[in-house]
Amino acid sequence: MVPIRPSEITPEHIYLSRRKFMLGLGAAALLAACGRLPDTPEATVMPEGAATSEALSTPRPTPTQKPDIKTAFDAVTGYVNYYEFSLDKEAAAILANESLQVSPWTVTVGGLVNKPRVFDIEEILKFEQEERVYRMRCVEGWSMVIPWLGFPLSRLLKEVEPLSNAKYVRFQTLADPEQMPGLGDMTFPWPYIEGLRLDEAMHDLTLIATGIYGWSLRPSNGAPLRLVVPWKYGFKSLKSIVRIDLVEEQPTTFWMAAGAGEYGFWANVNPEVPHRRWSQANERRIGETRRIPTLLFNGYADEVADLYPDLTNKDWFF
Ligand SMILES: Nc1nc2c(c(=O)[nH]1)N[C@H]1C(S)=C(S)[C@@H](COP(=O)(O)O)O[C@H]1N2
Ligand SMILES: [Mo]
């Protein structure tokens with residue numbers, strides 16, 4: 001199974017809401033006692049000790065030959081695909097972190113539901129958050145291991161009560177030309193749209209992430225909330241979500257609309273199904289030089305393979 005362990009540290013937004021709580025009590029002395037709020041991850045050393053000794057006492061198998069080592073924070077937040085900002089991974093990270101306004105923020109959840117609702121990001125952050133360390137495999141052949149904070153998407157969907165004719169979920173990223181210089185590239189069918197079948201969306205591994213490395217999510221990685229579907233290629237995990245709709249028909253995604261059949265709807269990771277122009281047999285972890293074998297469903301086959309009857313059907317992997 002995936003190593004999933006609650007973080008030993010206090011997530012930034014939970015820390016902040018506790019601080020708000022204390023201020024609410026008027027306990028200025030308490031605030032003084034807990035000191036200055038850190039504003040960058042580098043300001044604090046993360047206490048990994050407890051987690052490490054637990055890991056040593058309960059070794060668990062990993063589907064790769066060696067344990068998954070978390071990708072460095074600077075790499076995760078500094079090397080990103082975020083086409084709304086730039087096609088260049090480093091420029092995209094800098095531009096997003098400099099200019100994306102993540103507050104105020106609302107997410108509209110509607111379509112085929114009993115209780116359509118506009119969630120303020122503050123309400124989303126009140127969902128109980130947990131840490132999930134997931135592998136992220138980009139269709140381009142690189143990968144990372146990322147400690148997210150978030151909660152299963154199923155919890156959000158249950159709040160709006162999907163109707164029985166809802167079969168798919170359609171997700172939409174913000175598209176604001178004022179903040180996102182990449183939108184000027186009109187060869188792409190903005191906004192960025194993604195989709196899941198309802199049972200994929202309800203699967204426990206499917207996460208809404210609101211944090212990373214124990215901190216608030218960075219704009220570069222899709223703040224203030226993004227999807228994470230670890231058994232599919234990274235492009236399914238869209239960033240900075242503004243809208244979620246339950247629908248009857250399979251949504252046309254950004255990459256489907258971009259044409260040329262580059263990347264399809266299912267996009268489940270499979271080392272044996274190559275992209276038209278390159279092999280998917282192996283991958284490079286960012287920060288390492290050697291390539292390692294890519295795993296079926298990115299190593300999550302035990303959890304998700306039964307969502308897909310007849311795995312010999314190659315369509316599941318495009
Ligand atoms: N809105 C939006 N979401 C996006 C993308 C994008 O360009 N725009 N890129 C995708 C791709 S190709 C990948 S691999 C992952 C990368 O996530 P990360 O930058 O947090 O590692 O985000 C995905 N989500
Ligand atoms: Mo990707």
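The values are calculated or read from the model by the stated rules, or taken from the named source; none is laboratory data. Remember, it's a predicted structure, so these values are computed and weren't measured experimentally. All Cβ positions, glycine included, derive from the backbone under ideal geometry; neighbour counts span all protein chains shown.
Here are the numbers:
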item: Single residue of region 69-85 satisfying the filter (more than 9 Å from ligand 1 (Cβ to nearest atom) and not small (Gly, Ala, Ser)) that is farthest from Gly214 (Cα to Cα); result: Ile69
item: Strands (runs of 3 or more DSSP E) wholly inside region 86-170 that include at least 3 residues being within 16 Å of ligand 1 (Cβ to nearest atom), surrounded by fewer than 21 Cβ atoms within 10 Å (Cβ to Cβ) and hydroxyl-bearing (Ser, Thr, Tyr); result: none
item: Single match in Pro177, Pro191 (criterion: outside any helix (DSSP H, G or I), under 14 Å from Phe85 (Cβ atoms) and without any contact (Cβ under 8 Å) to a residue 12 or more places away in the chain); result: Pro177
item: Odd one out for Arg226, checked against (1) under 20 Å from Val145 (Cα atoms); (2) in contact (Cβ under 8 Å) with a residue 40 or more places away in the chain; result: (2)
item: Residue count, region 173-215 (criterion: within 12 Å of ligand 1 (Cβ to nearest atom) and among the polar types (S, T, N, Q)); result: 1
item: Subset of region 238-257 that is assigned to a loop (DSSP other than H, G, I, E, B) and touching a Ser or Thr at 6+ places or on another chain (Cβ under 8 Å) - its residue that is farthest from ligand 1 (Cβ to nearest atom); result: Ser240
item: Exclusive hit being of a type in the set (Val, Ile, Thr), farther than 17 Å from Glu140 by Cβ and within 13 Å of the chain's Cα centre (by Cα), set Thr187, Thr206, Thr252; result: Thr206
item: Hits in region 201-237 (condition: in a strand (DSSP E or B) and away from ligand 2 (no atom under 16 Å from the Cβ)); result: Leu207, Ile208, Thr210, Gly211, Ile212, Trp215, Ser216
item: Filter pass, Ser220 being surrounded by 23 or more Cβ atoms within 10 Å (Cβ to Cβ) and on the phi > 0 side of the Ramachandran plot; result: no
item: Pairs, first farther than 14 Å from Asn268 by Cα and hydrophobic (A, V, I, L, M, F, W, C) in region 134-147, second modelled with pLDDT of 95 or more and assigned to a loop (DSSP other than H, G, I, E, B), C-beta under 7 Å, six or more apart; result: Trp142/Ile286; Met144/Thr71; Met144/Ile286; Val145/Lys70; Val145/Thr71; Ile146/Thr71
item: Residues within region 94-127 that are over 20 Å from the mean Cα position of the chain (by Cα) and of a type in the set (Val, Ile, Thr), tallied; result: 2
